[in-house]
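Reviewing the structure listed below.
Throughout, read-outs are computed from the coordinates displayed, never taken from laboratory work. Since this is a predicted model, take the numbers as computed values, not measurements. Cβ placement follows ideal geometry from the backbone for every residue including glycine, while neighbour counts extend to all protein chains displayed.
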Amino acid sequence: MTDKRLQSLFAGMERHLDKRFDIAKDEMGETLAELEIRIEAKLDKVETTLLTEFHKWASPVDAKLRTHRSWFTEVDAELQSLKDRIAKLEGEKPAH
C-alpha cells in the first residue's frame with residue numbers, strides 16, 4: 001500500500017469519525033436540554049411542595065402564638081392590677 005493510499009484511507013476515516021462525533025454531539029445536546037427541562041420541572045414541584053408544607057405548619061403555629069400572646073397580655077394586665085392593689089393596701093402609690 002502506498003503512502004497516498006494510506007493517507008486517503010486515514011482522511012476518509014477522519015471525515016467519518018468527525019461526522020459521527022457531530023451527530024453524537026447534537027444528540028447529546030438535545031438530551032441535555034430535555035434533562036434540564038425535566039430537572040427544572042421537578043425543582044418547581046419540590047419548591048411548591050416545601051412551601052405548601054411550611055404554610056400548613058406555620059399557619060397553626062402562628063394562630064397558637066397569637067393566642068398565647070393575648071393570654072400573656074391578659075396575665076400582664078391582671079398582674080399589674082394585683083400589684084396596684086397590693087401597693088394600695090401597703091399605702092404606696094400604684095405603679096402606673
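For this structure, a couple of remarks:
- When the helices of the chain are scored as -39500 (n - 2.57) per DSSP H run of n ≥ 4 and the total is divided over every residue, the value at 222 nm lands at -34500 deg cm²/dmol.
- Close Lys pairs in the chain, defined as Cα atoms under 25 Å apart and 8 or more places apart or on different chains, number 5.
- Extension gain from GLU78 to ASP26, taking 0.36 nm per residue of separation minus the Cα-Cα distance: 11.1 nm
- Between 0 and 90°, nearest 10: helix 3-89 axis offset from the chain longest Cα axis: 0
- Between LEU6 and THR67, full extension at 0.36 nm per residue minus the direct alpha carbon distance yields a gain of 13.1 nm.
- Cleavage-rule hits, GluC sites (Glu not before Pro), region 19-96, DSSP coil, Cβ neighbours within 10 Å at most 12: GLU90, GLU92
- Neighbour net charge for SER81 - beta-carbon separation under 13 angstrom, K R +1, D E -1: -1
- If you run the Gaussian network model on the chain, springs between alpha carbon atoms under 10 Å, then out of ARG69, ARG15, ARG38 the most flexible one is ARG15.
- The smallest convex shape that holds all Cα atoms of the chain, its convex hull, gives 172 Å³ per residue.
- The distance between label points at MET13 and THR52 comes to 5.8 nm (points 7 Å beyond Cα on the Cα→Cβ vector).
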